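A short write-up of the structure that comes next.
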Amino acid sequence: MIDTRLLLDDFEETTRKLARKGVDPALVEQARDLAEARRVQVRAVDAARQEMNAGASRVGELMRESRRDEAEALRSELSLLRARLEALEQELRSVEESLDDVTSRLPNLPADDVPDGRSEADNVVLRTLGYDPADYAGRRWEPHWDIAERLGILDAQRAAKLSGTMFALLKGDGARLLRGLTAFALDMHRDSYEEIVPPHVVRGEVIAKTGHLTKFDTQAYRLRDDDLWLIPTGEVALMGMHQGEILAEAQLPVRYMAYTTCWRREAGAAGKETRGMQRLHEFHKVELVKLCKPEDGETEFQSLVADAAKPLEALGLPYRVVELCAGDLTFSAARVYDLEVYSPGVDRWLEVSSISLVTDFQSRRGQIRFRRQGGGVELVHALNGSGLATPRVWAAIVEHGLRSDGTVVLPPALVPYVGVETLRARS
RNA sequence: GGAGAGGUGCGAGAGUGGCCGAAUCGGACUCACUGCUAAUGAGUUGACUUGGGAGACCGGGUCCGGGGGUUCAAAUCCCCCCCUCUCCGCCA
C-alpha cells in the first residue's frame, strides 16, 4: 500500500503520478478525504480516552484515601463516558475500514522517469541481445510442444489425465533438463544471493501482506481445510521471511534466491497461448529478491536486471529488455523491466523474467523495516525478479537447439548439468 | 494427534488489577578520562499515531504473541486463536 501521508501532504503530485498508472483521480480524492476523516476521528477518540484515563486514576486515588462515596460517584460518571468512548471508537474503526478499502485499490507510484503509456503497446524495448532475424530465415522452426512430444520428453496427454490442462509432465531428458536448469541458475547466483529452501505453503496472512492475495488477485490456490495457500511464486515466501521485523542497517542489502515450485490458478487464461510450456498451473522457478535501503533501490534494480539476464546469455538465448510504461506496470511496482526470450517456434517474444522495483509498497503492509545507524526506523525497499523461470526457458532451449535431423543440441553451459549434449528420441 | 509449561523492550529476565511503557542485568550509542585499544565513570537508548514548534524538543493516545470480553481502571482476570519448548504417540 502507498503512504497515506502522501495523500494528505502531497495530494496534487500523488494524483498526477497515479493518473499515469491509470488511476481515476476521484479515487485518490476519496482516499484523501477518508485519511482526513480518520485524523479528525483519531483526535476525538484520543481526547475521550485522555479524559477516561484521568478519571480512572482519580478513582484509584480516592479509593486509597478511603473516600468511597466520591469514588463511587466518579465511577458511575465514567461508566457513561465509556459508552461515549465506545461509540467514537466504533466510528473510527468504520472510517479506518473504508480508508483501507480505498487505499488497497491504489497501486504503487511509478518512478518519475518511467515512460508514459497506457498499455503493452507503449512499452519500450531498451536493448536486444543476440537476435538477428536472418538467423531464423530460410528454415522451418517448430513449437517446442511438437518437438518435445516427438522426443518423448513432454507428455501433455498424461499431464492432463492426472491434473487437467495447463499442467506439464516431463520425462527422461526433459525432466533432467529442468533439473539441470535450476541447478545451473542457482550455481550462477551463489556468490551474491543466499539460497533458501522455504516452505511452499504459507499462511493467508503472509501472502496477503505481499499483495498477492487481494480481491483482484485470486491467483493462489488455497488448501481446503486450513488457512494455508500454495505459493504462486517464491517471492511470497522470501518476502514473508522478514515481515514484522526491524533489520539492522548493516544487514542490508539482503539478497535471497530460492528454487521453488509455483502454483497459479491462471483463471481466464485458457486458450491458444497456453499450449505446451507457455503457461502452467504448476511450474518451477528460481526467484531472486532483495531488500535494501531506499537510496540503493535503483542501483540494486539495475544489478538485478543484469543478474536475471546472466543465465540467458550463458545459454546463448536471444533476448530483449523491455521497460514497461506507466500504464502497464504491475500494481505494486514503481518500475518493471521484462526480459523476453525470442521463441522461433511461435515467432514471438516470451516473457521469462519480470524484474520489479517495489520501493516500500510491500514493506509497508508487511512492516519490513530497518534501523539507521544514527537511529531512525524506515521501511526497506524491495525488489524481485525471476532468476530463471524454467518452463519458458526450457521451451526456448528446445526450440533453439532444433537441428534438421529433429534432435536438439543443448547449450554447452548446460551439458554438465544435464549429462548429455543432444536430446534425441529414445529408440 | 494427546498431556504439560511458556510467549514481556535489541537480548536475557522481573512484574499477577491502579503508583508499569514496564525493575534489573547485558548490548548499543554519547560524553569524560586515555597516545590508541581496553578498563572505568556519567548519561542516552522501543514502535506506531496525533497535536504544537522552523527545529532541538514538548504534550496526548495506542501497543507486554494475535483477536475478543469483564472493569471506573488490564502486561496482570476470562474466552478463542497462533507460536515455542518438554514428554508421549506417529512418521519420511
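Values in this text are rule-based calculations from the coordinates and carry no lab data. Only a predicted model underlies this, so the values are computations on that prediction, with no experimental measurement involved. Counting neighbours? That spans all protein chains shown, and the Cβs are built from the backbone with ideal geometry, glycine included.
Close amide H contacts of A:A333 (hydrogens built in the peptide plane, cut-off under 5 Å, sequence separation of 5 or more or a different chain): A:N108. Using the Cα coordinates of segment A:307-383, the gyration tensor eigenvalues translate into equivalent-ellipsoid semi-axes of 33, 15, 8 Å, sorted from longest to shortest. Shown in residue order for segment A:7-22 are the 3J(HN,Hα) couplings computed by the Karplus curve 6.51 cos²θ - 1.76 cosθ + 1.60 at θ = phi - 60°: 5, 7, 8, 9, 4, 4, 4, 5, 4, 4, 5, 5, 4, 4, 8, x Hz (x for Gly and Pro). The C-alpha radius of gyration of chain A, expressed as a fraction of 2.2 N^0.38 Å, stands at 1.24.
Note on A:D225 and A:K293: the model spin-label points, each 7 Å out from Cα along the C-beta direction, lie 5.0 nm apart. Within the same chain, aspartates and glutamates fewer than 8 places from A:K293 are excluded, and of the rest, those with a Cα less than 15 Å from its Cα are A:E245, A:E249, A:D360, A:E378. The Cα-based radius of gyration and maximum Cα-Cα distance (Dmax) for segment A:19-73 are 21.9, 68 Å. Each of A:S94, A:A71, A:A83 was placed along the dipole of segment A:4-103 (beta-carbon charges, centred on the mean Cα), and the one lying farthest toward the positive end is A:A71.
Considering only A:A148, A:L6, A:H381, and ranking their Cα positions along the charge dipole of chain A that arises from unit charges at the beta-carbon of Lys, Arg, Asp and Glu, the one farthest toward the positive end is A:A148. Can you give me the Rg/Rh ratio for segment A:41-93, using Cα atoms for both radii and the Kirkwood formula for Rh? Result: Rg/Rh = 1.08.
A straight line joining the Cα centroids of segment A:4-33 and segment A:154-233 runs 36 Å. Averaging the Cα positions of each part gives two centres, and for segment A:348-407 and segment A:266-341 these lie 5 Å apart. Helix content alone sets the calculated 222 nm mean residue ellipticity of chain A: runs of n ≥ 4 DSSP H residues at -39500 (n - 2.57) each, divided across all residues, give -13500 deg cm²/dmol.
For segment A:4-103, the C-alpha radius of gyration sits at 1.62 times the compact-globule guess of 2.2 N^0.38 Å, with N the residue count. Basic side chains Lys and Arg get +1 at the Cβ, acidic Asp and Glu get -1 at the Cβ, and with that the dipole of chain A about its Cα centre reaches some 1260 debye. Pairs over the 19 Å Cα-Cα cut-off, from the set A:K209/A:K290; A:K161/A:K285; A:K290/A:K310: A:K161/A:K285.
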